[in-house]
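Presented below is the structure to which this report refers.
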Amino acid sequence: MNQAGQKRSSDSRTIMTQLIFPLDTNHYDTMFGGKLMEYMDKVAAIAAMRHARTRVVTASTDSLDFLAPIRIGEVIEVEAFVTWTHRSSMEIYVTVTAENLYTGTRAVTVTAFFTFVALGEDGKPCPVPSVVPENELEKQLFATAPDRHQLRRNRKKDRLGN
């Protein structure tokens, strides 16, 4: 932690590497989207727990964009880090990069934003440290996060009919 109540985005960075096998794929020999979403949610949860150092729950997933297929035999890296925080919520940016191990070709195949809420011992939302972005991507995501936060709030409000 840098200053009181602040943590760097890099402190939460989490990376998982997986080799894609036939059981991970559909009848097109590309990875099941739902299986990939499970991996993304797990990695995002770990990043959120590293930041908050407490229990967390998934509150939303948005801007989940599948940019390219992932094929049998490729390796994926699922990477996540906390981009911004509100009182008890954290926005986590998740990317998936696929690599062909024979050619070395790498490509970002999926990106998404997850929102997690930190929970105290009583099971209720609890405060989380703020984020200190360091590199250009972290600074860009941090600067644009309040707008995404407001869009999520509006979407939730619209769905609840409030």
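Computed from the coordinates by the stated procedures, all read-outs in this text should not be read as laboratory data. Here the structure is a predicted model, which is why all the values come from computation and not from measurement. Glycine gets a Cβ as well: all are built from the backbone with ideal geometry, and neighbour counts include every protein chain shown.
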Chymotrypsin sites (Phe, Trp or Tyr not before Pro) within region 44-134: DSSP coil, no more than 11 neighbouring Cβ in 10 Å:
Tyr102
Give me Ser12, Ser60, Ser89 sorted ascending by neighbouring Cβ count inside 10 Å, so fewest comes first.
Ser60, Ser89, Ser12
Gap in Å between the Cα centre of region 18-47 and the Cα centre of region 109-143?
22
For Thr30, net neighbour charge (Lys/Arg +1, Asp/Glu -1) across residues whose Cβ lies under 12 Å away
-1
Region 6-79: translational diffusion in µm²/s, Stokes-Einstein, Kirkwood Rh over Cα pairs, 25 °C, 0.890 mPa s
180
In a Gaussian network model over the chain where Cα atoms closer than 10 Å are linked, find which of His86, His27, His149 has the largest mean-square fluctuation.
His27
Which three lengths, in whole Å and largest first, does region 68-153 cover when its Cα atoms are put on their principal axes?
48, 30, 23
For region 1-105 the mean separation of alpha carbon contacts under 8 Å (6+ apart) over residue count, i.e. relative contact order in percent, is 33
At q = 0.16, 0.18, 0.21, 0.30 Å⁻¹, the log10 of I(q)/I(0) for region 1-48 from a Debye sum over equal Cα scatterers comes to -0.57, -0.65, -0.77, -1.08
Compute the Rg/Rh shape ratio of the chain: radius of gyration over Kirkwood radius, all on alpha-carbon atoms.
1.01
Residue-normalised 222 nm signal for the chain, counting each DSSP H run of n ≥ 4 as -39,500 (n - 2.57), nearest 500 deg cm²/dmol, is -9500 deg cm²/dmol
Sort Asp62, Asp24 so the one with the fewest other Cβ atoms within 10 Å of its own Cβ comes first.
Asp62, Asp24
